[in-house]
1. Tell me yes or no: at least one residue of segment 113-131 is open to solvent by less than 30 Å² (accessible area, probe 1.4 Å), part of a loop (DSSP other than H, G, I, E, B), among the aliphatic types (A, V, I, L, M) and in contact with a Gly (Cβ under 9 Å, 6 or more places away or on another chain).
2. Inside segment 189-217, can you point out the residues that are touching a residue at least 24 places away in the same chain (Cβ under 8 Å), part of a helix (DSSP H, G or I) and either within 23 Å of A296 (Cβ to Cβ) or open to solvent by 70 Å² or more (accessible area, probe 1.4 Å) (or both)?
3. Pull up segment 83-112, narrow it to residues that are without any contact (Cβ under 8 Å) to a residue 12 or more places away in the chain and not in a helix (DSSP H, G or I), then point me to the one that is least open to solvent (accessible area, probe 1.4 Å).
4. For segment 143-160: of the residues being open to solvent by 10 Å² or more (accessible area, probe 1.4 Å) and in contact with a Lys or Arg (Cβ under 8 Å, 6 or more places away or on another chain), which is farthest from L109 (Cα to Cα)?
Amino acid sequence: MDAEKSHRAVVPKKGGNSPEGPRGGKGASGYGTVGGKDDGDTRPRKRLNETTADSDAGAANARGGDHLPVAPHRRQLDEEAYRRTRKDGATGVDGQTAKDYEANLGANLRQLLDRAKAGTYRAPPVKRVYIPKGDGKSTRPIGIPTFEDKVLQRAAVMALEAVYEQDFKDCSHGFRPERSAHQALGSFWKQMMDMGGGWVVEVDIKKFFDTLDHRHLQTIVRQRVRDGVLLRLIGKWLNAGVMEEGALSYPDAGTPQGGVISPLLANVYLHEVLDTWFEAEVQPRLRGRAFLVRYADDCAPRRRGREASMAA
């Protein structure tokens, strides 16, 4: 991908999903979208069309899929973001708990909004910890944002989902509203049975969250989002730095697993460089049927015939 070249705008073709959905994650606390593990509230959720984000999405459709100006500007969006933020998660670098933040909630949310809109919000570094992987032999690095940063990230996710849930393809399942690992497996099984045989290529992008290119990601985001508040916040989160055992570093690539915004940004990136590429470039070159099922950075292209290697 050449970040200096312009890319055609992605026109929404379908309505977005509701933020209500099955809980799920990739074995990491705080890893997921609305309804995921980072959400400790089990009360009934407002559907997206009850938030201001949905009216923004409708306005974009009315303009024929033009760039959508959205941002967590509105009080009700921040209040809903706070409600959806997990209250019992680990604390970030400032040690502030949800209970501490709630002691002066109204003023804290107003000040957070003001700083985000004015561009004076400074994204704090994430606290890096390591958790065991499923194999029991290795660990996965997890970044823990501060509680206030989690609230602001959640507000941004709610606004951005109104845009990207219209664009994401059916092959994408990871960390999306009303999408789960079980649905990904079900979709794979059904299409595999319908094809009646062929080749399956299982792909896991090695260290994807550690190596995601910031410049390419921001170029992709600008295709659909022109709002300066959101663009600034995304840039700040990508460059916030990592605190590990008292040492602060600033990686020039990657987005820390554990942040609320990270799974969405990962899906935005992979939608463009994998899902759209497979549909637009790979499938037309194959003589037979092929499909792709993706869950975050894990995917399984399948091809009926001898050309499966092209799908990888």
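The values are calculated or read from the model by the stated rules, or taken from the named source; none is laboratory data. Just so it is clear, the model here is predicted, and its values are computed rather than measured. Please note: Cβ atoms are built from the backbone with ideal geometry, for glycine as well, and neighbour counts cover all protein chains shown. Ligands, DNA and RNA are stripped out before the accessible areas are found, and what is left, the full protein with its side chains, is counted by its heavy atoms. Shrake-Rupley method; radii C 1.70, N 1.55, O 1.52, S 1.80 Å.
1. Among the residues of segment 113-131, at least one is open to solvent by less than 30 Å² (accessible area, probe 1.4 Å), part of a loop (DSSP other than H, G, I, E, B), among the aliphatic types (A, V, I, L, M) and in contact with a Gly (Cβ under 9 Å, 6 or more places away or on another chain), which makes the answer yes.
2. Q191, M192, F208, F209, D210, T211, H214, R215, H216, L217
3. The selected residue is G95.
4. I144
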